[in-house]
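Taking it in order: structure first as structure tokens, then the write-up.
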Amino acid sequence: MRVTQSMLSNNMLRNLSNNYNKIGKLQDQLATQKKITRPSDDPVVAMLGLSYRDNLNKVQQFSRNISEANNWLESTDDAIMQGVKVLHRVRELTVQASNGTYEETQRGAIAVEVEQLIEQLETIAKTQVGGKYIFNGQNTNKAPTADNFSDGDIELEIFDEIKLKVNTKGTELFQSVFDTLDDLKDKLEDETASESDISSFLDKIDNEIDHFLKIQADVGAKQNRVEMMEDRLSSQEMIATEIMSKNEDVEIEKVITDLITQESVQRAALSVGARIIQPSLIDFLR
């Protein structure tokens, strides 16, 4: 086959164009630090990347759910602790009021303080996390009242098919204690109430304190579980990120080396091309 000048020129231009494409791809990899900039560059890497990224996104979503669960549980734990303090103060006042030396006016003063403590419990029952009332069941947008708590569980998915109930029902925690304290206040205001009538509330208050502490222990157990899940998710996120990086990220040192090599090849091709192209009539006229 006869090789013409035109064939040599076309081959040279095609090879130069291919070399420029390779240089352009290496420059893109150097700029983005990614193996591909479009799926057509490497469909296998692209498909694996979608799968790895989906897995990482799920882990990160679980981490966000874990953070939300922590907020709920920590706020619940603090609210219960504050409630226990209120009940301890109510108990102190009940002991004082059951003392036979206290006069009617003194009991009345204690009744006023008990009423204030009831209002403090009502404030605790309206604890919010991110604008949501944590003790009002699934009706988190509405503030509960002492005699009206909504029901329902709030669950967050903290891992694949693993859900955790993060709320404590207000009916379970507060309903009984409000009834007890309302009855106590009425007795303190009752002039005919005896010492034994008032002292009989001590056992009830102790039971309420124990009930609060039991629920607080349950919340603490959930916090421990969330902490373990948080550690696991942290490891999973690190592993998922590493796998995705191995699939998508380039080795900078290798890309720089390949780019320098390709630029040398390009210069050599240009040099050889200059020798291949024969002088034209214009060159002779110069």
Want the number for Glu253 to Glu157: 0.36 nm per residue separation, take away the alpha-carbon distance, what's left? 30.4 nm
Would you mind checking the pairs Lys142/Lys187; Lys126/Lys204; Lys165/Lys185; Lys85/Lys126; Lys185/Lys214 and listing those with alpha carbons more than 28 angstrom apart? Lys142/Lys187; Lys165/Lys185
Could you look at segment 178-254 and say what percent of its accessible area is carbon and sulfur, using a 1.4 Å probe and all protein chains? 47
Could you check the simple spin-label distance between Asp186 and Glu230, using points 7 Å along Cα→Cβ, in nm with one decimal? 4.5
Determine the shape class of segment 153-209: with a ≥ b ≥ c the square roots of the Cα gyration tensor eigenvalues, call it rounded for a/c under 1.5, and otherwise prolate if a/b is greater than b/c, oblate otherwise. prolate
Sticking with the crude label model, points 7 Å out along Cα→Cβ, report the distance from Val112 to Arg64 in nm, one decimal please. 5.1
Straight distance only, please: which lysines reach the Cα of Lys246 with their own Cα at less than 28 Å, same-chain residues fewer than 8 apart left out? Lys22, Lys25, Lys34, Lys35, Lys58, Lys254
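The values are calculated or read from the model by the stated rules, or taken from the named source; none is laboratory data. Predicted, not measured: the structure shown is a model, and the values here were computed from it. Heads up, the Cβs are rebuilt from the backbone with ideal geometry, glycines too, and the neighbour counts pull from every protein chain shown. Protein only, heavy atoms only, side chains kept; ligands, DNA and RNA dropped before computing areas. Shrake-Rupley method; radii C 1.70, N 1.55, O 1.52, S 1.80 Å.
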